[in-house]
Structures are given as C-alpha cells and as structure tokens.
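Structure first, commentary second.
The values are calculated or read from the model by the stated rules, or taken from the named source; none is laboratory data. Small disclaimer: the values here were computed from a predicted structure and weren't measured. Cβ placement follows ideal geometry from the backbone for every residue including glycine, while neighbour counts extend to all protein chains displayed. Surface accessibility is based on the protein's heavy atoms, side chains included, excluding ligands, DNA and RNA. Shrake-Rupley method; radii C 1.70, N 1.55, O 1.52, S 1.80 Å.
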Amino acid sequence: MRLHQNPAFITRVDEWKLRGKPEQNGMDWNVDKWQAEFPQHFDFLQKLSLQNLGNLNRALVREIVAESLNEGELENAFLAVMIWGFGPDARGPFRTNRILEQKNSISSLEACITSLRNQDIEGAYKALIDNGPKYLGPAFGTKFIYFAVERTENTQPLILDSLVSAGLEKWGGVSFDPISAKANDYMRYLEYMNYEAVQFSITPEDLEMILFTETAR
C-alpha cells in the first residue's frame, strides 16, 4: 500500500492541512558545547545562538546557509546544518568535528556545491556522500544538500534520515536506507516522493516534513 492509499497517513496529511500547514518546530541546541569544539567559529556560533531565541528552524537554517555560502564560509554553512540536525544531542559537536577533520571534507563539500549550482542533484550526492568523508552518511549528508540547494521549479533534494525512512516503511511499505543508500537509491527516493506529493496536492518538501514530524511524534 502506497502512502496516498493508506487511510492512517491520509488522515495525518488532512489534519496538517486543517491546522494551517504548520512548519516544523525549531531545534534547541547548546552553543557552549559547539564553541568548545569549534573555537575558530566562536563568533559565528555566538551570533547563531542569538537568532530566533536560540531555536533553529528550517527557514532560518536555509537563510544562514545561503548567506554563508555567498560569503565563502563553507564550514559555517555546514555547521549550521549539523547543529540543526543534531539539535540537543550532546554528541553533535564531536561527530561533526570528526567529519570536518578529514582531508577530503572541504573538497567534497565544494564539489557538492558546484554540482548543486549546476542542478545536478545526483552529482552532489555522489560528491558528498558516496565519495565524501567518513561518518557523514545519507542521514546528515542529505540535510546539507537540502539546505544548500537554491530553490527552483525542478526536482528538489529532500532529507532522507531515520525518521523519514521509518515513516515511509510504516505507512508506505517502502524501504529507503538512510545509512547505506547510494546516489541511484536517493534519486529513486526523490522520484517516489515527487509522485506521492502530487497525489496529496502538496510539495515533496511538505511530504518529507510530515513524515519526519509524524514519525517523531
């Protein structure tokens, strides 16, 4: 049974629409722990902690990432996404630093951005996740791709993490692995989400967020 055929999930989408299509809640985080791990980014992290009362929501992260990339501050863009992704998880700073310490981390991020600017989502995924630094993986790598891309009318990259994957398996009976998915698997995921979103008359981004928040509940 696909998502758009499952009464339990249909009800969740209908309720979200009736509530006025609310955005995902912002993520709380501990600025002190991140500053301790990344003292070279102390000022950026301090500024980030003062925005939106310290809560990072999707709109703010997208704004920060775009601003950082325009200023050539690639690590700041990556940090903002990782902070949002980890939220209050105390392991976030260490795990993020473990990624950035690798020799190919910056070159992989740069190649990813180049591909995104050329509207090559598959190439961006290959650069950052298939051939990128260890320990990043699809769950967090797709978060960066999602926030780093410029919004267009073409196919948009979406987050594929454990919550989204669990929701798809629970309500759609389909499996997309957030740990070992390769670029071709990710493109199939985007195709699936685009099709399902049309059936609900919502955007693929909305569908991904609903799967994320409903599974988290």
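Values for this structure:
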quantity: Gain in span if fully extended, GLU15 to LYS170, counting 0.36 nm per residue against the direct Cα distance; calculated: 54.0 nm
quantity: Spin-label model distance (nm) - PHE94 vs GLN46, 7 Å beyond Cα toward Cβ; calculated: 2.7 nm
quantity: All-pairs alpha carbon distance profile, the range 25-121, 10 Å steps from 0, percent; calculated: 15, 51, 30, 5
quantity: With all protein chains modelled, accessible area of VAL198 [1.4 Å, Å²]; calculated: 100 Å²
quantity: Mean separation of Cα contacts under 8 Å (6+ apart) over length of the chain, as relative contact order %; calculated: 20 percent
quantity: Crossing angle, helix 105-117 versus the chain [Cα axis fit, 0-90 degrees, rounded to tens]; calculated: 50 degrees
quantity: Shape category assigned to the range 136-180 from the gyration tensor of Cα positions, a/c cut at 1.5; calculated: oblate
quantity: Above-threshold pairs, the threshold being 29 Å between Cα atoms, out of LYS17/LYS134; LYS47/LYS182; LYS103/LYS143; LYS17/LYS143; calculated: LYS17/LYS134; LYS47/LYS182
quantity: Rule-of-thumb Rg ratio for the range 156-217 [Cα; 2.2 N^0.38 Å; N residues]; calculated: 1.00
quantity: Cubic angstrom per residue, convex hull over Cα atoms of the chain; calculated: 115 Å³
quantity: Sorted peptide list for 142-148, 185-191, criterion being average Cβ within 10 angstrom, highest first; calculated: 142-148, 185-191
quantity: Whole-angstrom gap from the range 92-144 to the range 1-79, using each part's C-alpha centre; calculated: 18 Å
quantity: With every protein chain in place, the range 2-77: carbon and sulfur % of accessible area (1.4 Å); calculated: 48 percent
quantity: Segment ASN70-SER162, length gained on full extension (0.36 nm per residue, minus Cα span); calculated: 30.1 nm
quantity: Accessible surface of the range 95-217, 1.4 Å probe, proportion on carbon and sulfur as whole %; calculated: 47 percent
quantity: Helix-derived mean residue ellipticity, 222 nm - over the chain, DSSP H n ≥ 4, -39500 (n - 2.57), to 500; calculated: -19000 deg cm²/dmol
quantity: Accessible area (Å², per residue) of the chain, counting only protein heavy atoms and a probe of 1.4 Å; calculated: 49 Å²
